Amino acid sequence: MDRETINYIIRYFRKLMTDDEALALNHHMYTFKSSENVYMRNLMIKRGWISSDPEVTKLLENGYEVFEQNVVTRIMTETPEKVFFNNCPKCHRLARTPYAKQCRYCGYSWHHSP
Ligand SMILES: [Zn+2]
């Protein structure tokens, strides 16, 4: 699966993640955001935004990119019908968001289609 499709699913279909996957995503994001600030890091840990649950940290053991790939692979195996791919009617490439009505590749617009 290409990087673009992975980003699209992670970004717009986050609700299809399991609780542990969502916690792992937060863990990564908040750890990154507080990388230079010990005070913030401790605050985030205290508030539970950074989880130290081994089930959660295990999901990230091979790095964040692998984690994203695994999540998307699982979603596409278990609940593919819940992912809407907004493909351009003309060139069939993936639009930027599920709501986009114009193609970023060929410029085709489908604002007026049903
Ligand atoms: Zn197109």
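The values are calculated or read from the model by the stated rules, or taken from the named source; none is laboratory data. What you see is a predicted model, and the numbers here were worked out from it, not measured in a lab. Note that each Cβ is placed from the backbone with ideal geometry, even for glycine, and that neighbours are counted across all protein chains shown. These accessible areas exclude ligands, DNA and RNA; they are computed on the full protein's heavy atoms, side chains included. Shrake-Rupley method; radii C 1.70, N 1.55, O 1.52, S 1.80 Å.
Tell me, yes or no, whether the range 48-59 has at least one residue that is at pLDDT below 95, of a type in the set (D, E, K, R) and either over 30 Å from His112 (Cβ atoms) or assigned to a strand (DSSP E or B) (or both). Checked against the condition, which is being at pLDDT below 95, of a type in the set (D, E, K, R) and either over 30 Å from His112 (Cβ atoms) or assigned to a strand (DSSP E or B) (or both), the range 48-59 yields at least one hit. Within the range 105-114, can you find the residues that are within 16 Å of the ligand (Cβ to nearest atom), open to solvent by 30 Å² or more (accessible area, probe 1.4 Å) and at pLDDT below 95? Of everything in the range 105-114, those that are within 16 Å of the ligand (Cβ to nearest atom), open to solvent by 30 Å² or more (accessible area, probe 1.4 Å) and at pLDDT below 95 turn out to be His111, His112, Ser113. Inspect the range 32-48 for any residue being closer than 16 Å to Arg14 by Cβ and buried (at least 18 other Cβ atoms within 10 Å of the Cβ) and give the result as yes or no. Checked against the condition, which is being closer than 16 Å to Arg14 by Cβ and buried (at least 18 other Cβ atoms within 10 Å of the Cβ), the range 32-48 yields no hits at all. Here Gln102 meets each of (1) open to solvent by less than 90 Å² (accessible area, probe 1.4 Å); (2) over 16 Å from Tyr12 (Cα atoms); (3) of a type in the set (S, T, N, Q) with one exception, condition (1). Flag: Leu94 does not match the condition of being open to solvent by 30 Å² or more (accessible area, probe 1.4 Å), of a type in the set (A, V, I, L, M) and closer than 22 Å to Met1 by Cα. Of all residues in the range 1-31, exactly one satisfies the criterion of being of a type in the set (Ser, Thr, Tyr) and either surrounded by fewer than 14 Cβ atoms within 10 Å (Cβ to Cβ) or outside any helix (DSSP H, G or I) (or both), namely Thr18.
Of all residues in the range 67-90, how many are part of a loop (DSSP other than H, G, I, E, B) and open to solvent by 50 Å² or more (accessible area, probe 1.4 Å)? The total comes to 4. Per the listing Glu65, Glu78, Glu61, the residue uniquely more than 16 Å from the ligand (Cβ to nearest atom), in contact with a Leu (Cβ under 9 Å, 6 or more places away or on another chain) and not hydrophobic (A, V, I, L, M, F, W, C) is Glu78.
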